Amino acid sequence: MNYLFASKRYRLPLRAPLRTAHGLWREREGLLVRLTDETGRVGLGEIAPLEWFGTERLAEAETLCRGWGDRLTEAQMAAIPARFGCLRFALAAAKPAAEAKAPADQRLPVAALLPAGRAALEALPARLEAGFLAFKWKVGVGRVEDELAILDDLLGALPAYTRLRLDANGAWERRAAERWLAYCAERPLEFIEQPVAPAEVDLLLGLAEDYPVKLALDESVTGLAAAREWQARGWRGVFVIKPALAGPLAELEAWIRESKADVVFSSAIETALGRAAILRWILSARLTQRALGFGIGEIFGSRVWDGPPVGPLLDAGWCDAVDPEELWNALN
């Protein structure tokens with residue numbers, strides 16, 4: 001199959017800067033790609049790398065796109081190196097035959113993101129009132145003593161039917177991680193995400209073995225190859241997967257079905273175009289019942305780029321409300 005090919009770069013300011021382990025993140029950059037097949041059918045995809053997370057660089061993906069000109073073949077797509085996970089995800093999603101209709105009867109819960117520190121307690125009542133049943137709280141930002149006290153306040157404020165997951169973003173050293181895991185051993189947490197840095201492989205495996213708290217990998221599993229490596233090491237915890245970074249969705253689905261991995265799907269702060277493709281696939285594939293990590297709110301402050309508001313449940317209606325052509329045309 002031969003395709004007409006086009007791409008457009010975007011640079012979108014975030015409505016509010018996000019604090020990461022690499023500093024403040026103020027804008028999102030990426031590429032939209034467009035494929036037109038020999039029958040005239042059109043599909044769009046999104047390349048949304050996170051270089052600091054371990055993906056290809058945006059400039060590398062853009063160089064490949066420019067090199068193809070206005071024509072692209074299946075053979076050229078097949079020759080893209082595996083490390084270009086974001087580019088491969090976008091092109092697979094953009095194939096006109098790739099888009100499937102999400103089942104109307106499938107709905108999945110969304111985890112609401114709580115702000116770091118004591119502000120989480122102030123934000124919680126509104127999230128509960130909105131109907132959220134799962135919550136994610138960023139930790140490893142303040143003093144351990146202070147955050148442990150806030151954790152107990154949070155757990156005391158949460159109804160028994162809700163779930164709380166913690167995300168340390170790899171910020172803890174060994175001593176802090178051991179203190180947290182010992183403290184949380186008898187507390188009702190869904191899991192603790194990325195307690196120590198990805199490079200601390202032996203420490204991660206040891207913590208998972210020594211403490212009863214379920215652990216999850218996030219920064220450690222940028223792409224599918226990394227997830228396979230951790231599984232080969234014997235990891236039995238959760239895999240937090242950002243599909244926009246992991247390559248073609250069909251390959252990701254095959255691995256999950258074959259390995260029976262325990263997965264949580266999460267946003268890479270892609271636009272509504274990439275997010276709709278991912279959510280449509282999640283709803284169709286039915287690979288997890290864990291709450292989705294797509295409760296990022298109005299990250300861009302624009303309906304076109306954010307898509308419809310995200311509530312406690314996501315269904316096919318959200319995907320159907322996103323018009324890929326509207327995003328493409330917004331970059332004229």
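Right, ALA97: over 25 Å from PRO198 (Cα atoms) and either assigned to a loop (DSSP other than H, G, I, E, B) or under 21 Å from the mean Cα position of the chain (by Cα) (or both) or not? Yes. For the structure I just gave you, tell me whether THR36 is of a type in the set (S, T, N, Q) and more than 22 Å from PRO243 (Cα to Cα). Criteria met by THR36. Looking only at residues in segment 161-197 that are acidic (Asp, Glu) and buried (at least 19 other Cβ atoms within 10 Å of the Cβ), which one is nearest to SER220 (Cα to Cα)? Top of the filtered list is GLU193. Is there any pair linking a residue in segment 302-323 that is within 19 Å of GLY131 (Cβ to Cβ) to one that is of a type in the set (Lys, Arg) and in a loop (DSSP other than H, G, I, E, B), with Cβ under 6 Å and at least six apart or on different chains, and which? Close Cβ pairs (under 6 Å, with a partner that is of a type in the set (Lys, Arg) and in a loop (DSSP other than H, G, I, E, B)) amount to LEU313/ARG107; ASP315/ARG107. Filtering segment 199-226 to residues that are small (Gly, Ala, Ser) and in contact with a helix residue (DSSP H, G or I) (Cβ under 7 Å, 6 or more places away or on another chain) leaves SER220, GLY223.
Could you say whether any residue in segment 216-232 is over 17 Å from VAL263 (Cβ atoms) and in the same structural domain as ALA176 (by TED's automatic domain parsing)? There is no residue in segment 216-232 that is over 17 Å from VAL263 (Cβ atoms) and in the same structural domain as ALA176 (by TED's automatic domain parsing).
The requirement of being under 26 Å from the mean Cα position of the chain (by Cα) and assigned to a helix (DSSP H, G or I) is fulfilled somewhere in segment 193-202, by at least one residue. Quick check on segment 137-149. Is at least one of its residues modelled with pLDDT of 95 or more, in a helix (DSSP H, G or I) and surrounded by 19 or more Cβ atoms within 10 Å (Cβ to Cβ)? Checking segment 137-149: at least one residue is modelled with pLDDT of 95 or more, in a helix (DSSP H, G or I) and surrounded by 19 or more Cβ atoms within 10 Å (Cβ to Cβ).
When restricted to residues that are out of contact with any Lys or Arg (no Cβ under 6 Å at 6 or more places or on another chain), part of a strand (DSSP E or B) and either on the phi > 0 side of the Ramachandran plot or surrounded by fewer than 19 Cβ atoms within 10 Å (Cβ to Cβ) (or both), segment 285-325 contains 0.
The values are calculated or read from the model by the stated rules, or taken from the named source; none is laboratory data. No experiment lies behind these values; they were computed from the predicted model shown. Here the Cβ is made from the backbone with ideal geometry for all residues, glycine too, and neighbour counts use every protein chain on show.
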